[in-house]
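Questions regarding the structure given below will be posed in turn.
The values are calculated or read from the model by the stated rules, or taken from the named source; none is laboratory data. Being a predicted model, the structure only gives us computed values, none of them experimental. When we count neighbours, we look across all protein chains shown, and the Cβ atoms used for this are built from the backbone with ideal geometry, even at glycine. For the accessible areas, the whole protein counts, side chains as well, though only heavy atoms, and no ligand, DNA or RNA atoms are used. Shrake-Rupley method; radii C 1.70, N 1.55, O 1.52, S 1.80 Å.
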Amino acid sequence: MAKKPNKLRARLPRGFVDRSAADIRATDEMLSKIRQVYESYGFDPVETPAFEYTDCLGKFLPDTDRPNAGVFSVQDDDEQWMSLRYDLTAPLARHVSENINEIQLPYRTYRNGWVFRNEKPGPGRFRQFMQFDADTVGAPGVQADAEMCMMMADAMEALGIPRGQYVIRVNNRKVLDGVLEAVGLGGEDDAERRLTVLRAMDKFDKFGTEGVRLLLGEGRKDESGDYTDGAKLSAPAIDAIVEILEASAIDDLIDYTNDLTFKTAALSKFAINESFEAGFRELKLISVLVTSAGYQSDRISVDPSVVRGLEYYTGPVYEAELLFDVINEKGEVVQFGSVGGGGRYDGLVKRFTGRDVPATGFSIGVSRLMTALKNLGKLQTADVVAPVLVTVMDGDTEALGRYQKMVQDLRQAGIRAEMYQGNWKKFGNQLKYADRRGCPIAIIQGSDEREAGEIQIKDLIEGARLASESTDVDNVTWRESRPAQVTANEADLIETVRGILAAQAEDRRQANGD
RNA sequence: GCAGACGUAGCUCAGUUGGUUAGAGCGUCGGAUUGUGGCUCCGAAGGUCGGUGGUUCGAAUCCACUCGUCUGUACCA
């Protein structure tokens, strides 16, 4: 048998999605809520393009695991390499550096945009996704970091996540450096093991004390049988690190009177080093600042297991985490992780300018957060009513003109409306179309009505309800009963439509229970 | 990247020890009904059985490789 010629198969590259009307509207809603928060903090928008020269995005990797993966790159006409941005921070550093003479520091700015990562997608993880960032450039003090944390908490609540269902966890890269120094991994030779230790600490939330002990020690095997090699630290070092991770507040760890000292048994074996001291003092300061601004530890909490990226952070780091379970389509609880984070990156602008320009900022993973809210049913689906459909009974030019006029009149009265654009000769299809499209009302005017100066106005929502109540009526009878349909004077079109729409809106409100 | 599970129509899935032309429900489209949505009835379209190669007289079924999806893990700027 001869094979048919192969059809081209329509398919989307993995990790990319088409966005539906509902998604787009929900995203817009989210963005405007976040924007409102940032604006109220006095931040101004700025936008940079999706492409940058690859060297400007920078590779700060001490992390040599994956030398070139993760980024989409192309070569320009002049053979310079360009890449799609993989976050909004590096492009901002480029923008600030390029315009450093015009920009008034400290520069408080926000922006949202698509970013691209060439890596394996997961639930709520895409290769193109939206981030919403805010940064303060040229502010050296931790008060800028504290403000970032507060703003992030406010953004979470503005998005409808109730207090107690999220937390902003704060740590300090200097504390982590102090830990590494204290367990004897300060030297250049131990770079690899330092990463292993940091990654292990980062897993505390996921694997708990025992899992982290394994990762800090010999290694850990997961359920699928995959094995992760450990950092092979000594037992006392592991004890000390675990004690830091398990602390519920920094005051449990540190005595802040005069010279800092460790309070706990396992930690007291270590001296406070310079990094520890600087890090803990900054954390304490942030903690005091946010508390006096009214943000208690249920919203912003110091947590030494926060590690974040291993690249450019130099001081405080923070992370927004959702505390509710996220359920996927199959009803399984999926581990979700953080929906945003950031930190202080004092070295990023200096790469371009040579000048010290300290900066701090954070990023909200809009796409990711939206997946979580959607799965939870907390996504505010914007209440967009489908258009009123003006049906076409006669296809002659004069009649079409009359229908167009009706549509325009409706539009000018602020009512979404459209004229049927399919094959008008099958009238049943017009109403079927309206029904499937979710149209609230259909307008009908044939020659009979035309001569009488009337129109038929059909309430499709009410009609659907009536239809579902009487299922055994035969089609002809049902049709001729013209359910939920009123005859109106041509001049009363707008008024009548308005009345029906208002009644429908009221019904929806009652159905929603508010 | 590593490990496991799974790939049959737009969707959800049947498909016997390898045996004619691969099926069902839902959905889609057309008709019954040239001016009325739902119900009902009739009809139609829709398949590289994920792909390639192999074993066999014969493969959706067995084998190898490969691609994709999901879950875990690694990485996550």
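For segment A:83-180, take N as its residue count and report Rg(C-alpha) divided by 2.2 N^0.38 Å.
Working it through for segment A:83-180, the quotient is 1.29.
Using the heavy atoms of the protein chains alone and a 1.4 angstrom probe, what is the accessible area of chain A per residue in square angstrom?
Computed with neighbouring chains in place, this is 52 Å² per residue.
Using a/c under 1.5 as the rounded threshold, could you call segment A:128-273 rounded, prolate or oblate? The axes a ≥ b ≥ c are square roots of the C-alpha gyration tensor eigenvalues, and prolate needs a/b larger than b/c, oblate otherwise.
Taking the square roots of the gyration eigenvalues as a ≥ b ≥ c, segment A:128-273 is oblate.
I've got another one for you. Residue A:157 to residue A:421: extension gain in nm, 0.36 nm per residue of separation minus the Cα-Cα distance? Display every interim value, and only then the final one.
Values: separation 264, 0.36 × 264 = 95.04 nm, distance 4.37 nm.
Going from the current span to full extension adds 90.7 nm.
Something else now. Given the pairs A:405/A:458; A:33/A:203; A:284/A:350; A:374/A:432; A:174/A:221, which span a C-alpha to C-alpha distance of over 25 angstrom in this model? Before the final figure, lay out each step's value.
On the way: A:405/A:458 19 Å; A:33/A:203 32 Å; A:284/A:350 28 Å; A:374/A:432 30 Å; A:174/A:221 30 Å.
Pairs exceeding the cut-off: A:33/A:203; A:284/A:350; A:374/A:432; A:174/A:221.
Then there is this: Determine the gain in length on full extension of the stretch residue A:503-residue A:209; use 0.36 nm per residue of separation and subtract their C-alpha separation, reporting nm with one decimal.
100.0 nm
Then there is this: Assuming a viscosity of 1.002 mPa s and a temperature of 20 °C, what translational diffusion coefficient in µm² per second does Stokes-Einstein assign to chain A, Rh being the Kirkwood radius over Cα pairs? Don't skip to the end; give the middle numbers.
Numbers: Rh = 27.4 Å.
Rounded, D is 78 µm²/s.
Compute the helix-to-body angle for A:173-182: its Cα long axis versus the longest principal axis of chain A, expressed 0 to 90° and rounded to tens.
Value to nearest ten degrees: 30.
Based on the mean of other Cβ atoms within 10 Å per residue, sort peptides A:127-134, A:435-442 so the most packed one is first. Write out the running numbers ahead of the final one.
On the way: A:127-134: 21.0, A:435-442: 17.8.
Most protected by this proxy first, the peptides run A:127-134, A:435-442.
Please give the charge dipole size of chain A, origin at the Cα centre, charges +1 on K and R Cβ atoms and -1 on D and E Cβ atoms. Round to the nearest 20 debye.
1320
Working from Cα positions, state the angle (0 to 90°, nearest 10) between the long axis of helix A:191-202 and the longest principal axis of chain A.
50
In square angstrom, rounded to the nearest 10, how much accessible surface does residue A:384 have for a 1.4 Å probe?
Here the accessible area works out near 70 Å².
Using the alpha-carbon centroid of each, what span in Å lies between segment A:435-488 and segment A:111-169?
For segment A:435-488 versus segment A:111-169, the Cα centre distance is 50 Å.
Report, in degrees rounded to the nearest 10, the 0 to 90 angle that the Cα long axis of helix A:427-437 makes with the longest principal axis of chain A.
Taking Cα atoms only, the helix is inclined about 20 degrees.
Note the per residue figure in Å³ for the convex hull of the C-alpha positions in segment A:215-270.
Working: hull volume 4.7 nm³, N = 56.
Considering the Cα atoms of segment A:215-270, their hull volume per residue is 84 Å³.
Taking the Cα centre of chain A as the origin and placing charges on Cβ (Lys, Arg +1; Asp, Glu -1), which of A:497, A:253, A:307 is farthest toward the positive end of the dipole?
Of A:497, A:253, A:307, it is A:497.
Once ligands and nucleic acids are excluded and a 1.4 Å probe is used, how much of residue A:501 is accessible, expressed in Å² to the nearest 10?
40
Along its three principal axes, how long is segment A:394-512 when you only count alpha carbons? Whole Å, largest extent first please.
For segment A:394-512, the Cα extents along the three principal axes come out at 39, 33, 26 Å.
Leaving out ligands, DNA and RNA, what percent of the accessible area of chain A is carbon and sulfur, probe 1.4 Å? Kindly include the intermediate steps, with their values, before the conclusion.
Working: 12990 of 26880 Å².
That fraction is 48 percent.
Could I ask something else about it? Divide, for segment A:262-312, the radius of gyration over alpha carbons by 2.2 N^0.38 Å, where N is the residue count.
Here the answer is 1.36, to two decimals.
Using a 1.4 angstrom probe on the protein heavy atoms only, line up A:487, A:264 by accessible area, largest first.
So the residues, ranked largest to smallest area, are A:487, A:264.
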